[in-house]
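What follows is one structure encoded as structure tokens, with my remarks underneath.
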Amino acid sequence: VVTSAADGSCEALIDGRLDTAVRTAAASAVATKYLARADSSILGVIGAGNLAVEHTRAIATVRELETVLVWSRTAATIDRFRTATADLGLEVRALDTPEAVTRGAHVLCTLTPSREPIVRGAWFGAGLHVNAVGAPPRADHREVDGEAMRRARVVVDSIGTTLTKSGDTLLAIAEGAITPDAVGTELGEVITRRVPGRRGARDITLFNSVGIGLQDLAAARLLIDQARVTGIGTEVDLSA
């Protein structure tokens, strides 16, 4: 439910799954634009569901992708991913393990609701950029291990949210792999050039995405405005 900040009235009812998938992928694409190597052409996705489809589409707008390496627990999910991204003209290669995808990718997206690390920092090659996205905002869930956080230059969407809700970060701190200072850079600071992002071609960068409400709000505003322009959806007068 999207409500007006001016008077509290209902502006729209939107499928929240769509809004979340679009804004999450958009944030990862922005992080990739500012943190990944300019010559990155191989995308790796761990998990092949709707988030993987949206991430592939979004990242293809900021990098000239040629190949997508994909791992999923089920072949049927990979088949659906192939169909949903076929119009992009990318080579889609299914690999047997998350390690193989990680080692072969220039940009890696972790897109699973994992509780235990599914990607390990020991697999990271020089120059890799990682978008750690899938784990829900809970202190005991994570997709990457402490070594991944230690080896990478970490950028977050919100320091405050990360230090209270990101298991990727909190468990790495608890293990002594990193200190809280390691997550002291927000993506907004990199975009505005107040803080440097990638410093060299061999840097390993990692965007630890937890998600913030403002992103949902911005995506909802775009969806509502575009729906009205194109005549999609149903207008209901609630004042009567």
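In region 123-153, whose amide N lies under 14 Å from the spot 7 Å out along Cα-to-Cβ of Arg115? List them in ranges. Backbone N within reach: 136, 138-143. The figure for His106 is an accessible area of roughly 40 square angstrom, using a 1.4 Å probe on the protein chains alone. For the pair region 211-236 and region 134-160, the centres of their Cα atoms are 29 angstrom apart.
Think of region 67-140 as a dipole: +1 on every Lys or Arg Cβ, -1 on every Asp or Glu Cβ, centred on the Cα centre; then among Thr112, Gly127, Thr74, Thr112 lies furthest on the positive end. The helix-only estimate of mean residue ellipticity at 222 nm for the chain, built from DSSP H runs of length n ≥ 4 each weighted as -39500 (n - 2.57), is -11500 deg cm²/dmol after division by the residue total. Once C-alpha pairs closer than 8 Å and six or more residues apart are averaged by separation and normalised to the residue number of region 14-86, the relative contact order reads 35 percent. About its Cα centre, the dipole of the chain is roughly 720 debye, where the only charges are +1 on Lys and Arg Cβ and -1 on Asp and Glu Cβ.
Against the criterion of solvent-accessible heavy-atom surface with a 1.4 angstrom probe, Leu206, Leu95 sort, most first, into Leu95, Leu206. For the chain, the per residue solvent-accessible surface stands at 50 Å², with DNA, RNA and ligands left out and a 1.4 Å probe. When trypsin sites (Lys or Arg not before Pro) are flagged only if DSSP places them in a loop and at most 14 other Cβ atoms lie within 10 Å, the longest unflagged stretch of the chain comes out as 1-72. Accessible surface of the chain, 1.4 Å probe: 53 percent of it comes from carbon and sulfur atoms. Annotation: extensible slack from Arg202 through Arg17 equals 63.0 nm (criterion: 0.36 nm per residue apart, minus Cα-Cα distance). Applying a DSSP loop filter and a limit of 15 other Cβ atoms within 10 Å to the GluC sites (Glu not before Pro) in region 1-94 leaves Glu64, Glu66. Between Ala227 and Thr74, the distance separating the two model label sites (each 7 Å from Cα on the Cα→Cβ line) works out to 2.9 nm. Under a model in which nothing but the beta-carbon of Lys, Arg (+1) and Asp, Glu (-1) is charged, region 1-60 shows a dipole of about 320 debye around its Cα centre.
Compared with the alpha-carbon gap, the fully stretched path from Glu235 to Ile159 is longer by 23.5 nm at 0.36 nm per residue.
Just need log10 I(q)/I(0) for the chain at q = 0.14 Å⁻¹, Debye formula, equal scatterers on the alpha-carbon atoms, no solvent, rounded to two decimals. For the chain at q = 0.14 Å⁻¹, log10 I(q)/I(0) is -0.89.
Explain nothing, just the number: dipole magnitude of region 29-88 about its Cα centre with +1 on each Lys and Arg Cβ and -1 on each Asp and Glu Cβ, in debye rounded to the nearest 20.
Roughly 160 debye, rounded to the nearest 20.
Counting alpha carbon pairs within less than 8 Å and at least 6 residues apart, what relative contact order, in whole percent, applies to the chain? For the chain, the relative contact order is 18 percent. Relative to the globular-protein estimate of 2.2 N^0.38 Å, the Cα radius of gyration of region 125-164 stands at 1.20.
The values are calculated or read from the model by the stated rules, or taken from the named source; none is laboratory data. Computed from a predicted structure; not experimentally measured. Glycine gets a Cβ as well: all are built from the backbone with ideal geometry, and neighbour counts include every protein chain shown. Note: areas computed on protein heavy atoms with side chains; ligands, DNA, RNA excluded. Shrake-Rupley method; radii C 1.70, N 1.55, O 1.52, S 1.80 Å.
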